[in-house]
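A short worksheet on the structure shown next.
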Amino acid sequence: MPVAGPVGKGSLCVLLASVLWGTTGTAATFAPGVGPLAIGAAAMGVGGLLQALVAVRRIAAERSGLRAQRGVVLLGALAVAAYPPAFYSSMHLAGVAAGTVVSIGSAPLASAVIERAVDGRRLTRRWMAGASLGLAGTVLLCVAEAAGAHSGRGVRSAGETVLGVGLGLAAGVTYALYSWAAHRLISRGTGSRAAMGSVFGLGALLLLPVLLFTGGPLLHSWSNAAVGVYMALVPMFAGYVLFGRGLAHVAASTATTLSLLEPAVAAVLAVLVVGERLPLLGWAGTLLIVGCLAVLTAPSRRTRRVREAVGAMPETGSGRMLPHADRG
């Protein structure tokens, strides 16, 4: 079965989530004394608990369906718990640019492999064209940012870089896994709130020990605490609510590819807010990512034909009759 083409609502939700995620790097600069593990555990842990709390009634109402798919829920939760330590440690060891590009850039490929192996989905030409543009743009952003970051931490050892890249790949795989798990639950009848709340709530519980051991600096000042609260409420809670709604309409491989917008937003915010400079190569990478998003979100020929057919239908008392293929 081919990977489902993007629909407007789903794509928009994922893109909005990516914009929120792209603010995390800039927000973290306002709490320089807080380590990357604490930031990740606070954001994903508290944000995940909030998702579960908001969705507790839906989780209770759909507990039988969740229990029947407890293996998928557990897999997604383990991936949620593993992602922040891997992602933020990757940036710490390999550098922000390299860690981000490996983590976010490898997720679409990992998602495609998972969907192909487990669900039997085949990749469309549109997805491959969009993913190629997005990955090329992300690599250019990485190279541009790395070129201007020599004065940050000094020279890294080869061992640190290799370990950082390895952790980035692990982060990409875990991101793909929890995206696939949530999409799997939703596609099998679980509501998006119940699916995201159960997966992220359980994953947040697994992250609490990390937060307890590393989160002390978050309480050292009001600014540190404010950053922690912002990370939990906006990029993680609101961002993943939007992401869950997006997964109800697009495949995990499409969603993770659309989220390549995140590093582009992060780079632009670093220029506008933090005062960093983005070389011409970086702006070229940003344009390629925009091209990727244009390819993935443009209506397909089939969608245009369906819309034209819907436009030609007579209206009924309850409005236009929408065919199932154009749902969402």
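Points to keep in mind about this one:
- Residue in segment 144-161 that is modelled with pLDDT under 80 and within 19 Å of the chain's Cα centre (by Cα) present: no
- Failed condition for Pro32, given (1) touching a residue at least 12 places away in the same chain (Cβ under 8 Å); (2) closer than 26 Å to Ser223 by Cβ; (3) more than 20 Å from the chain's Cα centre (by Cα): (1)
- Qualifying residue in segment 61-75 (condition: within 18 Å of the chain's Cα centre (by Cα) and modelled with pLDDT under 85): no
- Subset of segment 186-207 (residues that are surrounded by fewer than 24 Cβ atoms within 10 Å (Cβ to Cβ) and not β-branched (Val, Ile, Thr)): Ser187, Arg188, Gly189, Gly191, Ser192, Arg193, Gly201, Leu202, Leu205, Leu206
- Looking at Ala68, Ala82, Ala52, Ala61, just one residue is surrounded by fewer than 24 Cβ atoms within 10 Å (Cβ to Cβ), over 30 Å from Trp222 (Cβ atoms) and touching a helix residue (DSSP H, G or I) at 6+ places or on another chain (Cβ under 6 Å), and that residue is Ala82.
- Of the residues making up segment 215-256, those that are among the β-branched types (Val, Ile, Thr), at pLDDT below 90 and in a helix (DSSP H, G or I) are Thr254, Thr256.
- Scan of segment 188-214 for residues that are under 17 Å from the mean Cα position of the chain (by Cα) and basic (Lys, Arg), ordered by number: Arg193
- Sole residue being closer than 25 Å to Val295 by Cβ and either surrounded by 19 or more Cβ atoms within 10 Å (Cβ to Cβ) or touching a residue at least 12 places away in the same chain (Cβ under 8 Å) (or both), chosen from Val234, Val173, Val210, Val241: Val173
- Selection within segment 10-47: residues that are outside any helix (DSSP H, G or I) and of a type in the set (Gly, Ala, Ser). The member of this set that is surrounded by the fewest Cβ atoms within 10 Å (Cβ to Cβ) is Gly33.
- Only one of the numbered conditions (1) within 25 Å of Leu293 (Cα to Cα); (2) in contact (Cβ under 8 Å) with a residue 24 or more places away in the chain is violated by Leu75, and that is (1).
The values are calculated or read from the model by the stated rules, or taken from the named source; none is laboratory data. Since this is a predicted model, take the numbers as computed values, not measurements. In this analysis, Cβ positions are derived from the backbone assuming ideal geometry, glycine residues included, and neighbour counts consider all displayed protein chains.
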